[in-house]
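One structure is given here, and the rest of the page talks about it.
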Amino acid sequence: MTKLFLSLHVLVAVVAVGPVTVAAGMFPPALRRAHRVSGDVPGDRDALATLRTLHRICRVYATVGIGVPVFGFATASSLGVLGDGWLIASISLTAAAAAVLALLILPAQSRELAALGDATADPDPRVPGRLSMLTGVFNLLWATVTVLMIIRPGSTTGV
């Protein structure tokens, strides 16, 4: 069962976290373009459609990403490493990444989509930079978790 859980854990991590990472990273530059375009042509459908698609990718794959810790806990339990420090650190960093995505990135994306849809709203030029920073933090947290999963201090693999 351990091999099955580990395979599912890695597969869901690649399939779910990868698209969120890419789409969240593409959102701020697309938002900058939408802000520039909306100054000339209010309500540009292409810019808004791109942002909506990127936001939907982030939302859907964030939901699918719930499988990462589910299969991770199953794997850790079957390996008997639930109390290991590297795993506890990974769990904490994963929770932090999930919080950044769910509490900061996704709501900010939603607010910007709503503001772009409102012809009377004046876009805040600082938001794309903030979203870029938050996405960078999210990506750094996931990169750290990935490194911890590979290195696993105290691992018996010798790697």
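The values are calculated or read from the model by the stated rules, or taken from the named source; none is laboratory data. The model shown is predicted, which means the values in this text are computed figures rather than measured ones. We place every Cβ from the backbone using ideal geometry, glycine too, and count neighbours over all the protein chains shown. We work out accessible area using only protein heavy atoms, side chains counted, and drop any ligands, DNA or RNA first. Shrake-Rupley method; radii C 1.70, N 1.55, O 1.52, S 1.80 Å.
Quick check: net charge around residue 100, other residues with Cβ under 15 Å of its Cβ, Lys/Arg +1 and Asp/Glu -1? Please list the in-between numbers first.
On the way: positive: 59, 130; negative: none.
So the surrounding residues net to +2.
When the chain is modelled as a GNM with alpha-carbon springs shorter than 10 Å, which of 148, 116, 54 fluctuates the most?
148
Just to be sure I understand: with springs between alpha-carbon atoms less than 10 Å apart, which residue in 48, 79, 141 has the highest mean-square fluctuation in the Gaussian network model of the chain?
Result: 79 has the largest fluctuation of those listed.
Quick one: 3J(HN,Hα) in Hz for segment 91-103, Karplus 6.51/-1.76/1.60 with θ = phi - 60°, rounded, Gly and Pro as x.
Computed from phi, the couplings for segment 91-103 are 5, 5, 5, 5, 5, 5, 4, 4, 5, 4, 5, 6, 9 Hz.
So what is the 222 nm mean residue ellipticity for the chain from helices alone, if each DSSP H run of at least 4 adds -39500 (n - 2.57) and you divide by all residues, rounding to the nearest 500 deg cm²/dmol?
Values: 7 runs with 119 residues, N = 159.
That calculation yields -25000 deg cm²/dmol at 222 nm.
On C-alpha positions alone, give me the angle between the axis of helix 127-151 and the longest principal axis of the chain, in degrees, nearest 10.
Around 10 degrees separate the two axes.
Taking only Cα atoms, what is the 0 to 90° angle, nearest 10, from helix 18-40's long axis to the longest principal axis of the chain?
Taking Cα atoms only, the helix is inclined about 10 degrees.
With every protein chain left in place, what is the accessible area per residue of the chain in square angstrom, probe 1.4 Å?
Details: 8990 Å² over 159 residues.
For the chain, the per-residue accessible area is 57 Å².
Under a GNM of the chain (C-alpha, springs under 10 Å), which listed residue has the highest mean-square fluctuation: 19, 69, 125?
125
What is the distance in Å between the Cα centroid of segment 1-30 and that of segment 84-156?
About 13 Å separates the Cα centre of segment 1-30 from the one of segment 84-156.
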